[in-house]
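The values are calculated or read from the model by the stated rules, or taken from the named source; none is laboratory data. A quick note: this is a predicted structure, and the numbers were derived from the prediction, not measured. As a convention, Cβ positions derive from the backbone with ideal geometry for all residues, glycine included, and neighbour counts pool all protein chains shown.
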Amino acid sequence: MSADKRLYLGVPVERPKAAFFDFTSCEGCQLQMLNNEATLLDFLSLLDIVNFREAMSERSDDYEIAFVEGSISRADEVERLKKIRAQAKILVAVGSCACFGGVNQLKNRFGDLDWVKREVYGSNPVDSTEVRPVSAFVTVDLKIYGCPVKKEEVEVIVTNLVLGKSIVHPSYPVCMECKANHNICLFDLGEPCLGPITRAGCDSWCPSNRMGCWGCRGPAEVANVEQLREIMLKHGFSEEEMIDRLECFGGFSTYLSELK
Ligand code: SF4
Ligand code: SF4
Ligand code: SF4
């Protein structure tokens, strides 16, 4: 076996060169990927990682897969992103920021960027544009959802990618996983939840910990917002509370424009 051949769970795999990049983000998704010592070595042995600022000091621009974390909120980020796209055969958007704009896109809802800049930066102006997802500027081949992404799901997706297997995201909503986890519905405990319309895959992370879903993974394939509104109103929550949640990560922006 050549020195470059590695084993993943005992199976020899070709290791594509991969690079990790961050744009406007909290870097929590990168931390998630480095998390979980029990599986980290197996995960890292799948890829020949040539660039990962949070994990190593070496740098190379020779890679086939680019994992991109973060939203785009500066002109120089657009240029950098386009260079990454030109180099990578596969570009993976990692996390809600990269997929939808994430919590950063809340800035856009004020509708007056100059006012936002003055409020936040005062007399220290910085270059800051409207926040957009990665797909607004370059082609995205694959998305990994979540804020943050879930390490276990990333491992499955990256393993399938490297082994040439198809990658299928759950099309059903978080409620399915929540029921499978035998949780009491939070609506019955007095808390709102976007589980009925949000794409599953997090194993109902929040409801299983007694917190309502905020929709970080974006819409399920069939997202019946009208029905969610009925559920919210029936349990004493206002449309404003629902919209607050729907706006949080940017995944429901097309649905929101229909609501307003
Ligand atoms: S998706 Fe969430 S955890 Fe990931 S970088 Fe953005 S804010 Fe951080
Ligand atoms: S707690 Fe949320 S995810 Fe769970 S069943 Fe109720 S609405 Fe669905
Ligand atoms: S329950 Fe909702 S907010 Fe929580 S991780 Fe899952 S999709 Fe995201």
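The table below lists the values:
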{"quantity": "Extreme residue, modelled with the lowest pLDDT, among residues of the stretch 143-184 that are surrounded by fewer than 17 Cβ atoms within 10 Å (Cβ to Cβ) and hydrophobic (A, V, I, L, M, F, W, C)", "calculated": "L163"}
{"quantity": "Helices (runs of 4 or more DSSP H) completely within the stretch 113-189 that count 3 or more residues being over 30 Å from G212 (Cα atoms)", "calculated": "113-121, 151-162"}
{"quantity": "Test: residue in the stretch 226-242 that is under 21 Å from V168 (Cα atoms), within 15 Å of ligand 3 (Cβ to nearest atom) and crowded, with 16+ Cβ neighbours inside 10 Å", "calculated": "no"}
{"quantity": "F67 vs. criteria surrounded by 15 or more Cβ atoms within 10 Å (Cβ to Cβ) and in contact with a strand residue (DSSP E or B) (Cβ under 6 Å, 6 or more places away or on another chain)", "calculated": "yes"}
{"quantity": "Flag if V68 is outside any helix (DSSP H, G or I), among the aliphatic types (A, V, I, L, M) and either away from ligand 3 (no atom under 16 Å from the Cβ) or farther than 30 Å from G195 by Cβ (or both)", "calculated": "yes"}
{"quantity": "Unique residue being under 19 Å from E153 (Cβ atoms) and not hydrophobic (A, V, I, L, M, F, W, C) when the list is S25, S60, S123", "calculated": "S25"}
{"quantity": "Contacts under 7 angstrom Cβ, first residue in the stretch 25-42 being farther than 30 Å from R132 by Cα, partner modelled with pLDDT of 90 or more, 6 or more apart", "calculated": "N36/K151; T39/E155"}
{"quantity": "The one condition in (1) surrounded by 15 or more Cβ atoms within 10 Å (Cβ to Cβ); (2) under 30 Å from V11 (Cβ atoms); (3) touching a residue at least 60 places away in the same chain (Cβ under 8 Å) that C248 fails to fulfil", "calculated": "(2)"}
{"quantity": "Breaking point among (1) modelled with pLDDT under 90; (2) crowded, with 17+ Cβ neighbours inside 10 Å, for L40", "calculated": "(2)"}
{"quantity": "Residue ranges of helices (runs of 4 or more DSSP H) in the stretch 198-260 with at least 2 members under 19 Å from G101 (Cβ atoms) and among the small types (G, A, S)", "calculated": "253-259"}
